[in-house]
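Below you'll find the structure, written out as structure tokens, and then a few comments.
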């Protein structure tokens, strides 16, 4: 006759189900924590990348404005063109750029280029992006620049360029004197939105750039050998046939132009050698 043990060590079905439920809750808690960490890391990386892109954008604008140049004898080629609307501005000017400037390898030794900063609709999205197009001074934009400009910032909600007026001390949104360079330029760049119903940007960066360049006067662009008339010097002689001013104070320098006079006496140019 087989004897049965009355107290057997075993788990009931209810105990097993409770244990499985507890294990599932622990796993869900661990997964939720890990997922939150991943989301936070992703948001932090996106925010850091956006901040870095804003800094790069402002640095590109700052460096390009510092390199702005203008020659008064060619106002059409060197015009400082501005077009401003309520929240977006378009800026176009000529600059002599360093080799470290973006896309410089495409243009080689053509360092004097026209830059155009504009805000356009982003393809496949309802957001806007700030783009930069470049072209050599006396050339048109090629097909690659028109279709694939350099994207400086995405999700742009504000891009305002203002110009300092030294007469009134105010910042102007329009620059009518396209044949001159402004003394200072203020740039306001806004990215993102506070929420889906807000029109205010989430991140705003403001920078002021003091342009060190001045338009090169037209008389400084007269090439050697061109016919030019110089003024008469005082208490001296001005020999303009060879572009030499002797002893005169305030006398101009003419290159290949008319001969100077002193006390009504014509001074012939030096003999040719």
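What follows is calculated from the coordinates using simple rules that are stated; it is not laboratory data. Since we're looking at a predicted model, the values are computed, not measured. So basically every Cβ, Gly included, is an ideal-geometry build from the backbone, and we count neighbours across all protein chains shown.
At-a-glance table
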item: Whole-number D in µm² s⁻¹ for segment 64-218, Kirkwood Cα-pair radius fed into Stokes-Einstein, 37 °C, 0.692 mPa s; result: 198
item: Kirkwood hydrodynamic radius of segment 148-204, from inverse mean 1/r over distinct Cα pairs, in Å; result: 13.4
item: Segment 1-95, relative contact order in percent, only Cα pairs under 8 angstrom and at least six apart counted; result: 15
item: Sorted peptide list for 155-168, 201-214, criterion being average Cβ within 10 angstrom, highest first; result: 155-168, 201-214
item: Debye-sum result for segment 116-164 in log10 I(q)/I(0), which assumes one identical scatterer on each alpha carbon, at q = 0.18, 0.24 Å⁻¹; result: -0.63, -0.91
item: Chain lengthening between residue 204 and residue 25 when straightened (0.36 nm per residue, less Cα-Cα); result: 60.1 nm
item: Segment 64-218, relative contact order [Cα under 8 Å, separation at least 6], %; result: 24
item: Segment 27-132, Rg to Rh (Cα coordinates; Rh as Kirkwood inverse mean 1/r); result: 1.19
